[in-house]
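Input: a single structure, listed below in structure tokens.
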Amino acid sequence: MSRTDAGDEHRRRHLCEIGEHSMRTTSVPQSINEPIVQISGLSHAFAARGQDVSVFRDLSLSIQRGEFLGVLGPSGCGKSTLLQIIAGLLPATTGQVTFEGEQVVGPPPEMVYLFQQYNKSLLPWRSVLGNVAFAMEGKDVSRNDRREQGMEHLRTVGLAEFADHYPWQLSGGMQQRVAIARALAAKPKVLLMDEPFSAVDALTRLELQALLLKIWAEAGLTVVLVTHDVDEAVFMSSRIAMLGRRPAVIDSIIETELPRPRDAVATRELPRFLELRHRLLDKLLHREPAGIDA
């Protein structure tokens, strides 16, 4: 089967699954009212042409266990930088991040960062299953268990039949599913996602959004999603942290208050969705409407 045929067949199947999923009631992870990640007085600056350029300043935010938090803001406001600092991949200039009460000074093993350029994070010489199993190497997991657990994660993302394929034989959306399966194989408590669907087409984006919400609800993950897409932030998130322009501060924290499970079509037609979309776009376009109900 060619890459194009495989992608087309897979899309037809998962467009049907989106409809089926939207008709089922899915339990939502329950917050136990304690932050799993605490951001306190965070500032970050970098040197450019002999001057310090401030990206953001004095950011403080509590991320609750089991929540789906969207991070939205204008281009260049430091959304991705903030995510890298939370992940322990980049040191902050001032302030700190704690994960389950411990200060983050390096990448915590139970926090997984899913990069925007997912195709570059996959190992092209390894099969799909090999890429997923890679997340379990170096741990106390036997080779047979790595294979069995890897297959289970591939079934979760709908790619079990492609286990022996290589990433370059798959469509972009299917490669992103492999990256998600590998992230799940690491058994994270927190999944950090940096514009993970920006490189795929509109229909594949809908499929991946539905898949991620299903995984989030069933696995009880905490998800932090950085995006520049207002519709995506409103559709996916329970809360949205809105950043202003550089040097950014947190402009507002918005409760989306949309019912779950979210439906790819019906949710986007709800009055609350349209209200949030309108007001957030106004903010991004500097038209500064009246405050958003939080």
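The values are calculated or read from the model by the stated rules, or taken from the named source; none is laboratory data. Every value quoted in this text rests on a predicted model; they were computed, and no experiment measured them. Here the Cβ is made from the backbone with ideal geometry for all residues, glycine too, and neighbour counts use every protein chain on show.
A few notes on this one:
- Test: residue in the range 119-131 that is closer than 18 Å to residue 215 by Cα and either surrounded by fewer than 20 Cβ atoms within 10 Å (Cβ to Cβ) or modelled with pLDDT under 90 (or both): no
- Test result for residue 254, at pLDDT below 90 and of a type in the set (Val, Ile, Thr): no
- Sole residue being in a loop (DSSP other than H, G, I, E, B), among the charged types (D, E, K, R) and at pLDDT 90 or above, chosen from 277, 262: 262
- Test for residue 200: is it within 30 Å of residue 147 (Cα to Cα) and of a type in the set (Val, Ile, Thr): yes
- Of the residues making up the range 99-115, not a single one is out of contact with any helix residue (DSSP H, G or I) (no Cβ under 9 Å at 6 or more places or on another chain), of a type in the set (Val, Ile, Thr), touching a residue at least 60 places away in the same chain (Cβ under 8 Å) and closer than 29 Å to residue 43 by Cα.
- Residue list for the range 161-178, filter: closer than 22 Å to residue 139 by Cβ and either hydroxyl-bearing (Ser, Thr, Tyr) or surrounded by fewer than 23 Cβ atoms within 10 Å (Cβ to Cβ) (or both): 163
- Strands (runs of 3 or more DSSP E) contained entirely in the range 32-92, each with at least 3 residues that are farther than 27 Å from residue 198 by Cβ: 35-48, 51-64
- Of the helices (runs of 4 or more DSSP H) lying entirely inside the range 124-206, those carrying at least 2 residues that are out of contact with any helix residue (DSSP H, G or I) (no Cβ under 9 Å at 6 or more places or on another chain) are 143-156.
- Put simply, of 126, 146 the only residue that is farther than 24 Å from residue 37 by Cβ and in contact with an Asp or Glu (Cβ under 8 Å, 6 or more places away or on another chain) is 146.
- Qualifying residue in the range 95-111 (condition: in a strand (DSSP E or B) and closer than 30 Å to residue 166 by Cβ): yes
- Filtering the range 160-175 to residues that are more than 21 Å from the chain's Cα centre (by Cα), of a type outside the set (A, V, I, L, M) and under 18 Å from residue 134 (Cα atoms) leaves 162, 164, 165, 166, 168.
- Test: residue in the range 236-248 that is part of a helix (DSSP H, G or I), at pLDDT 90 or above and either over 13 Å from residue 180 (Cα atoms) or not basic (Lys, Arg) (or both): yes
- Hey, residue 230 buried (at least 22 other Cβ atoms within 10 Å of the Cβ) and under 15 Å from residue 73 (Cβ atoms) or not: no
- Where residue 254 falls short, out of the listed (1) in a strand (DSSP E or B); (2) within 16 Å of residue 82 (Cβ to Cβ): (2)
- Residues in the range 191-205 that are buried (at least 22 other Cβ atoms within 10 Å of the Cβ), more than 8 Å from the chain's Cα centre (by Cα) and either at pLDDT 90 or above or among the β-branched types (Val, Ile, Thr) (or both): 204 alone.
- The C-beta contact set for the range 187-203 (first residue on the phi < 0 side of the Ramachandran plot, second residue of a type in the set (Gly, Ala, Ser) and surrounded by fewer than 21 Cβ atoms within 10 Å (Cβ to Cβ), distance under 7 angstrom, 6+ apart or interchain) comprises 194/80; 199/172; 200/172.
- Taken over the range 42-100, the criterion of being modelled with pLDDT of 90 or more and acidic (Asp, Glu) is satisfied by 67, 100.
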